[in-house]
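Worksheet: one structure, shown below.
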Amino acid sequence: MPLAFVFDEHLRGPAWSAVCRHNATTEPLLDVVRVGDPDCVPLGTDDSEILLWAKHQDRILVTRDQSTMKTHLDQHLIAGHHSPGVFMIRPHGQLSAVIEFLVLADQLSDPHEWRDAITYIG
């Protein structure tokens, strides 16, 4: 089953451009939406609400938010919710490595492998 991703709002620039370049030239396409897109939660949405939306849409959250996301995910899980997973981009992570990881995860993994966990990428 293919994976689906949601990019946190701070990944609307170069990271989004890297996904668009990938999808313009390579198959299979990555299924990625961004916080702030019409089919997603609006810009400025609290992390806890993003995690709930991602859960309901079965999308793995991709973020660089190392300062608060672990706490929000812990609270989300303690409240009895689940998460498709969080992919945390390392502070000096390269976008090419992030895209490569997303492609490989999409093609070679099962969605349940990422459930309720933070995985550091890039």
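The values are calculated or read from the model by the stated rules, or taken from the named source; none is laboratory data. What you see is a predicted model, and the numbers here were worked out from it, not measured in a lab. Cβ sites come from the backbone with ideal geometry, for glycine too, and all protein chains shown count toward neighbours.
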The residue from 115, 64, 90 that alone is buried (at least 16 other Cβ atoms within 10 Å of the Cβ) and either within 21 Å of residue 10 (Cβ to Cβ) or out of contact with any Asp or Glu (no Cβ under 9 Å at 6 or more places or on another chain) (or both) is 64
Single match in 74, 65 (criterion: at negative phi and in contact with a His (Cβ under 9 Å, 6 or more places away or on another chain)): 65
Residue hits (the range 17-44; surrounded by 16 or more Cβ atoms within 10 Å (Cβ to Cβ) and either in a helix (DSSP H, G or I) or at positive phi (or both)) are 18, 19, 22
Top-ranked residue in the range 67-87 [being farther than 19 Å from residue 36 by Cβ and either under 15 Å from the mean Cα position of the chain (by Cα) or modelled with pLDDT under 95 (or both); ranked as surrounded by the fewest Cβ atoms within 10 Å (Cβ to Cβ)]: 67
For residue 42: the one exception among (1) in contact with a Gly (Cβ under 8 Å, 6 or more places away or on another chain); (2) touching a residue at least 60 places away in the same chain (Cβ under 8 Å): (2)
The range 71-103, residues that are of a type in the set (S, T, N, Q) and assigned to a helix (DSSP H, G or I): 71, 75, 96
Does residue 95 fit the bill of being within 15 Å of residue 7 (Cα to Cα), under 13 Å from the mean Cα position of the chain (by Cα) and in contact (Cβ under 8 Å) with a residue 24 or more places away in the chain? no
Kindly indicate whether residue 105 is out of contact with any helix residue (DSSP H, G or I) (no Cβ under 8 Å at 6 or more places or on another chain), among the small types (Gly, Ala, Ser) and either closer than 25 Å to residue 52 by Cβ or at pLDDT 95 or above (or both). no
So, residue 27, is that one modelled with pLDDT of 95 or more and out of contact with any strand residue (DSSP E or B) (no Cβ under 8 Å at 6 or more places or on another chain) or not? no
